[in-house]
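Let me begin by presenting the structure, written as structure tokens, before commenting on it.
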Amino acid sequence: MPQPTTSLTDLPWARGFTDPAWVRVHATSGRETLPSRRVWRGPEPARPLPTGSADLDALTFAAGGGRHTLAELFAAAQTDALLVMHRGTVVYERYLHGYPPHVPHFNASATKSYIGLLAAMVEHQGLLDRTARAAKYAPHLSGTAFGDARVDHLLHMGTLPSYAARPYDKALEAQRYFAVLAPQLRPYGYTGPATIREHLATARATGAPGTEFRYENGNVEALADVLRAVTGTGIAELLGELLWSKLGMDEDAYFVLDAEGNEAACGGFSATARDIARLGEAIRCDGAAGGRQIIPAAVASTIVSGVPDGYPKRVRFPAAPPTAPATLSYHDLWWILNDRYGSFMASGIHGQRLFISPGLELVVAHYGSQIVSPSAPVAPLVPTFVRIGEHLNGAL
């Protein structure tokens, strides 16, 4: 008889970080393990994507002191899908490991950037003041590390929470978040929070907001509560109303839900690679798609250039993780590369990326099931995307 799981470090999800097969199964089957809510693609027909071709399989890329091909990158990243758009045309599209193109794929923490985009759009509508404290909009957050912070702090991972008086440990808190979200991932005898809001209620500040970067899911979940409060709408419906129903998507997307019926805003979103690329292309085009302005240009065009005072683009404030490039910064839940092409991206665990490079006229959607382990080198996704863009633009 199997023994019950007794430690959070033994959770199936934690073990899955090092098992690409496990990751791949759960990347496309969230609706089979958790309740979910669709993001409606709207009543209009899907907008066709122009399609061309580019011979990228023969390219080689520098990494780790050597050269590699796309096929080698796919193996290292456990790639499930790669779609490259150049100047609005799909020039390369591959699906591996039996992943069907029409099935929504788990986006993991890339979801955070889409929530940041929604917040910026709601702010542009005049419904949200980013200088206000979060508890002004979501009173149930009062007294927590998130409620006492300003909305702008949530958008920049600028809070310093500690949950239930525990010393903060990023990896352990990520596992505890999964236990909150999914009953089947809870250890034997679990008595902790059963909903995201219950989890947030245990967060207390260990330092002043806005003084340090701490990449923490609770910031995004608190921001989602703020958006629900100011719009009177759930996150799935809000994303559908503002974006998904207007971009000519092929498929509905979806969010997984907690026991209270709230979307897992920090990473519970799934969509197809083609639809994520459509979103990226609209952002690259300053918010326009299909002859319409879908995202206000003042929002889409300033994800990089609009980094506010106090968050300069070429220094790490809030400080990026120690393993990040020295020039990497973070704005409105997007990773800013600070390269010469104005590139930025949404990024999630296991290789989920939406890479947007206005200077290279490039959008790349990548889904992967890469293992997370100190013994497994991180696949050089971003350098490869830049190399592809430079090749397509004739720079190399």
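The values are calculated or read from the model by the stated rules, or taken from the named source; none is laboratory data. Since this is a predicted model, take the numbers as computed values, not measurements. So basically every Cβ, Gly included, is an ideal-geometry build from the backbone, and we count neighbours across all protein chains shown. The area values use the complete protein model at the heavy-atom level, side chains included, leaving out ligands, DNA and RNA. Shrake-Rupley method; radii C 1.70, N 1.55, O 1.52, S 1.80 Å.
Specify the residue with the greatest mean-square fluctuation among P383, P374, P139, computed from a Gaussian network of the chain linking alpha-carbon atoms under 10 Å apart.
For the chain, modelled as a Gaussian network with Cα springs under 10 Å, the answer is P374.
Report the calculated FRET efficiency for A208 and A259 (r = Cβ-Cβ distance, R0 = 35 Å), to the nearest 0.05.
About 0.60, to the nearest 0.05.
Can you give me the relative contact order of the chain as a percent, contacts being Cα pairs under 8 Å and 6 or more apart?
Relative CO of the chain lands at 25 percent.
Scan the chain and hand back the longest stretch that contains none of the GluC sites (Glu not before Pro) lying in DSSP loops with at most 15 other Cβ atoms within 10 Å. Intermediate values should be presented prior to the final figure.
Working: sites that count: E212, E260.
The answer is 1-211.
In whole angstrom, how far apart do the alpha carbon centroids of the range 218-240 and the range 91-145 sit?
Answer, in whole Å: 8.
Taking 0.36 nm per residue of sequence separation and subtracting the Cα-Cα distance, how much length would be gained by fully extending the chain between T131 and R31, in nm to one decimal?
32.4 nm
Give me the 1.4 Å probe accessible area per residue for the chain, excluding ligands and nucleic acids, in Å².
Accessible area per residue, the chain: 40 Å².
Ignoring everything but the protein chains, give the 1.4 Å probe accessible area of R166 in square angstrom, nearest 10.
We get 60 Å² for R166.
Per residue of the range 128-137, in order, report the coupling 6.51 cos²θ - 1.76 cosθ + 1.60 (Karplus, θ = phi - 60°) as ³J(HN,Hα) in whole Hz, putting x for Gly and Pro.
9, 10, 6, 8, 7, 6, 4, 5, 4, 8
For the chain, set up a Gaussian network in which alpha carbons nearer than 10 Å are linked by springs, and say which option among A298, A179, A138 fluctuates the most.
Sorting by GNM fluctuation, first place goes to A298.
Would you kindly state how much longer the chain becomes between T191 and A376 on full extension, computed as 0.36 nm times their sequence separation minus their alpha carbon distance, in nm to one decimal?
Values: separation 185, 0.36 × 185 = 66.60 nm, distance 3.42 nm.
So the extension gain works out to 63.2 nm.
Scan the chain and note any complete DSSP helix (H) whose C-alpha atoms cover at least 20 Å along its axis and whose Kyte-Doolittle average is 0.5 or more. Show your work: numbers first, answer last.
Values: long enough: 110-124 (22 Å, 0.65); 217-231 (21 Å, 0.40).
Length and hydropathy pass: 110-124.
Considering the chain as a Gaussian network with a 10 Å cut-off on Cα pairs, which listed residue, P377, P183, P43, attains the greatest mean-square fluctuation?
P43
For V103 and T69, FRET efficiency with R0 = 25 Å and r from the beta-carbon atoms, rounded to 0.05?
Approximately 0.40, to the nearest 0.05.
Of the accessible area of the chain, with the probe set at 1.4 angstrom, what percent is carbon plus sulfur?
On the way: 8730 of 15760 Å².
On the chain, the fraction of accessible area on carbon and sulfur atoms equals 55 percent.
In nm, what is the difference between 0.36 nm times the number of residues separating D169 and R87 and their Cα-Cα distance?
Working: separation 82, 0.36 × 82 = 29.52 nm, distance 4.25 nm.
Length gained between D169 and R87: 25.3 nm.
Taking square-rooted eigenvalues a ≥ b ≥ c of the alpha carbon gyration tensor, is the range 76-117 rounded, prolate or oblate, where a/c under 1.5 means rounded and, failing that, a/b exceeding b/c means prolate?
Cα axes put the range 76-117 in the oblate bin.
Please work out whether the chain counts as rounded, prolate or oblate from its C-alpha gyration tensor, where a ≥ b ≥ c are the square roots of the eigenvalues and a/c under 1.5 means rounded, while otherwise a/b larger than b/c means prolate and anything else oblate?
Rounded.
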